[in-house]
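Report on the structure given below.
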Amino acid sequence: MKAIQVGLLGIGTVGSGVFNVLRRNQQEIQRRAGRGIEIAMVADLDTARAQSIVGSAVKVVKDAREVIANPEIDIVIELIGGYGIARELMMEAIAAGKHVVTANKALLAVHGTEIFAAAHQRGVMVAFEAAVAGGIPIIKALREGLTANRIEWIAGIINGTTNFILSEMRDKGLDFDVVLKEAQRLGYAEADPTFDIEGVDAAHKATIMSAIAFGIPVQFDKAYVEGITKLAAQDIRYAEQLGYRIKLLGITKRVPQGIELRVHPSLVPARRLIANVEGAMNAVVVQGDAVGTTLHYGKGAGSEPTASAVIADLVDITRLHTADAAHRVPHLAFQPDQMSGEVVLPMDEVVTSYYLRLRVADQAGVLAQVTGLLAAQGISVDAMLQREAGEGEKQTDLIILTHSVREGTMNGVLAQMQALPTVLAPIVRIRKEELA
Ligand code: HSE
């Protein structure tokens, strides 16, 4: 049978990885897919560079629309990124009856509802394994491997840049700004790292996982997003003394009132496997009612790890594209007419526990004032640490770990604490996840 014909839009780091892995492993991949998979056409603004990667046998064009218009092309891989031209091209490819493979988490998290609806109507597949956690087959795991389960929660380290920065802060005792500069110098962080360090990239991925886990539409606008820019080395140190590591987690959880969807730094018990995921690695913990806890670990970015996910999608499509569209795996795991209307909860309604660091006057009664405010709202203290004040020092750090409480309640208590004359600096609050 003739090889399935693929058109590639954008041949940067991931695109060249796809080309190289497909060429290197073509026989193995063909034995799995049942027919060959051939990149027949590439579109890239830098045609000379693109041609030097793919060689003279592959047609290279500047205009992506030439690829979409080519009736020979069965699958379009979109590796341009962003919400602009990538969205237009994806919608055009779907309208032209092409299957689409993409790594574009931002586009799917924001416009996924429109894209999946168009694909469903046109009877084509939009595959996006590479959009979440790079080489880790977490989409496959959630949509298929864990399909028997009622998913309870997912917690993931799904941004390698921030995990690298947090690992360095912990290892070297350095503050965020210093490590970010070093990470940029070494090429671990982008020149504009905003999406990574502000938690946006992780929130895109968490949004996609949330939709698949719970059968709800993608709702990036409902996600709570907090990055790592305000984290101080001393909080990492205090957390360590209390038996915790600080990780940027993407969390989505089903609770009786609805769905939690949030990204923020979290204290995680140091004994949990996920707390020991270091450097740029990714890991996702999925809690299902039947399977219990599963941990999925691997590289979340990079040329060939991401290509591994893109090619897995190509193989899936190759196997399934002649199948009746109704018998394919639904885009968001649940049949489109079986999606749930469960609401994504506002952050005030989320129940979690907290790490608090207060800079306080070192004088009698301060501890009683602070814990009195907690007690008045029924917030129970789990652990406490007070840094011994130095010789002649009149201030000290008070670290408090609380048991679970509604975020809205905690916000009220924090406002009262902050107003105490004996609290001398802005209170640091970091959420804590036991992941039990
Ligand atoms: N910038 C992402 C990260 C990789 O640092 O993990 C692509 O999503």
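Across the range 148-158, which residue is nearest to the ligand (Cβ to nearest atom) among those that are over 18 Å from R272 (Cβ atoms) and touching an Asp or Glu at 6+ places or on another chain (Cβ under 7 Å)?
Of everything passing the filter in the range 148-158, N149 is nearest to the ligand (Cβ to nearest atom).
In the set A141, A155, A131, which member is at pLDDT 95 or above and under 16 Å from A103 (Cα atoms)?
Exactly one residue qualifies, and that residue is A131.
Which of the following residues is under 30 Å from P330 (Cα atoms) and surrounded by fewer than 23 Cβ atoms within 10 Å (Cβ to Cβ): T194, T207, T229, T147?
Step by step, each of T194, T207, T229, T147 is checked, and only T147 is under 30 Å from P330 (Cα atoms) and surrounded by fewer than 23 Cβ atoms within 10 Å (Cβ to Cβ).
Which count do you get for residues in the range 343-370 that are modelled with pLDDT under 95 and among the charged types (D, E, K, R)?
Selection size over the range 343-370: 1.
What are the residue pairs meeting all of these: first residue in the range 97-123, first residue among the aromatic types (F, W, Y), second residue surrounded by 17 or more Cβ atoms within 10 Å (Cβ to Cβ) and outside any helix (DSSP H, G or I), Cβ atoms under 6 Å, and 6 or more apart or on different chains?
From residues that are among the aromatic types (F, W, Y), the pairs are F116/H331.
Report whether or not A203 is modelled with pLDDT of 95 or more, within 16 Å of the ligand (Cβ to nearest atom), out of contact with any Cys (no Cβ under 8 Å at 6 or more places or on another chain) and farther than 19 Å from Q386 by Cβ.
Against the criterion (modelled with pLDDT of 95 or more, within 16 Å of the ligand (Cβ to nearest atom), out of contact with any Cys (no Cβ under 8 Å at 6 or more places or on another chain) and farther than 19 Å from Q386 by Cβ), A203 qualifies.
Scanning for something in a strand (DSSP E or B), outside the structural domain of H204 (by TED's automatic domain parsing), aliphatic (A, V, I, L, M) and closer than 16 Å to E304 by Cα, does the range 24-34 turn up at least one residue?
Within the range 24-34, not a single residue is in a strand (DSSP E or B), outside the structural domain of H204 (by TED's automatic domain parsing), aliphatic (A, V, I, L, M) and closer than 16 Å to E304 by Cα.
Take the residues of the range 413-434 that are surrounded by fewer than 13 Cβ atoms within 10 Å (Cβ to Cβ) and more than 30 Å from the chain's Cα centre (by Cα): which is farthest from L248 (Cα to Cα)?
P421
What is the one condition in (1) modelled with pLDDT of 95 or more; (2) under 29 Å from the mean Cα position of the chain (by Cα) that L373 does not satisfy?
Result: L373 fails condition (2) only.
Considering only the range 267-312, state which residues are away from the ligand (no atom under 16 Å from the Cβ) and either assigned by TED's automatic domain parsing to the domain that holds D74 or touching a Ser or Thr at 6+ places or on another chain (Cβ under 8 Å) (or both).
Matches in the range 267-312: V285, V286, Q287, G288, I311, A312.
Exactly one of (1) within 16 Å of the ligand (Cβ to nearest atom); (2) more than 30 Å from I73 (Cα to Cα); (3) touching a residue at least 24 places away in the same chain (Cβ under 8 Å); (4) assigned to a helix (DSSP H, G or I) is unmet by E168. Its number?
Only one criterion in (1) within 16 Å of the ligand (Cβ to nearest atom); (2) more than 30 Å from I73 (Cα to Cα); (3) touching a residue at least 24 places away in the same chain (Cβ under 8 Å); (4) assigned to a helix (DSSP H, G or I) is unmet by E168, namely (3).
The values are calculated or read from the model by the stated rules, or taken from the named source; none is laboratory data. Worth saying up front: this structure is predicted, and the values here are computed from it rather than measured. Methodologically, a virtual Cβ is constructed for each residue, glycine included, from the backbone with ideal geometry; neighbour enumeration extends over all protein chains shown.
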